[in-house]
Amino acid sequence: MQLDIGRSQSYLKIGLIRSSNYPPSDSSGMYDMNELPYISQSRTLLVIICGIMFITASCVYMPLGYIQADYEGKCFLDANLYFEFSKKASNISTYGRLEKLRLNPVNTEWGPVFKCDMTTFTAVMIAILSTVIGWSAFTVWPTMMEIGKGGGLMLVYAFMFFLCLGSTIASSVVLFNGYIKTCSNLRAKPLVTVGQSQSIRPSISCKQLNTDVVELKPDGETIIVTDVHRAIIIAEVASAALICLSSLQMCVCFGTFGVIWYHFHFLAKNLFTDDERSTEDNHQSSWR
């Protein structure tokens, strides 16, 4: 790789400073890591990913919070739902549609609340963390690069994104497995046909948990609860997207760290070694 003389001298001086662990006394352009190739593009890409992560995280906690709010904080994950069939709910005629399923909370076993809280608050945490990192990329990044601390900043970012990735994977596993278990444990009250003593146990799929469900409370009150299945599917897709985005953020951070290490350590060290060898050769030739 060929460099012009000025840039070579700049990297050589930076290498000497780094090798002696002596911090730069000023913030001149000679020590500014913002001038390295791909640094500006990495910063822009990181800010964009943080913005996408904020929106994606909201697609996780908003649908899950919507479901919990409708069911008064009860958890739909790892639940044993018990349904009754009805042609029409008593107090929803104004909505102009027939309801097929009634969820009976008396015979329903709800899932552990901490699992729903984990999936919800993990997404909230990631949204907050993405906001903080995106803001710091605008404010902290240029300053840290200017004083020669960009490598440390990238390692801090990578550690934070590693926490995001690990927590997202854990919450996604809970969300996916919990809803699969709920779908496999859907139960319905057996139907008894007229003139026959044999009962028929109908089958229920998770897709029927969209607009066919009405909650039946012990006092006889009915409440329309819609789009359960659709909301959870949105949350699952968004959780998978968060895993991909967190992985991409880590790649950006490690790639930026690699650029800094190459120019400020590897390349500067090689230039210093070459210059030292040429100096020794000149001294030897002058003594001859």
Among the candidates Ala69, Ala57, residue that is modelled with pLDDT of 65 or more and buried (at least 20 other Cβ atoms within 10 Å of the Cβ): Ala57
Residues that are surrounded by 22 or more Cβ atoms within 10 Å (Cβ to Cβ) and more than 26 Å from Ala57 (Cβ to Cβ), drawn from region 141-178: Met145, Gly150
Residues of region 72-110 classified as among the acidic types (Asp, Glu) and at pLDDT below 85, total: 3
Top-ranked residue in region 255-288 [being touching a helix residue (DSSP H, G or I) at 6+ places or on another chain (Cβ under 6 Å) and at pLDDT 75 or above; ranked as surrounded by the most Cβ atoms within 10 Å (Cβ to Cβ)]: Thr256
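The values are calculated or read from the model by the stated rules, or taken from the named source; none is laboratory data. In this text the structure is predicted, and so the values were computed from the model without any measurement. For neighbour counting, all protein chains shown are included, and Cβ atoms are generated from backbone atoms with ideal geometry for every residue, glycine included.
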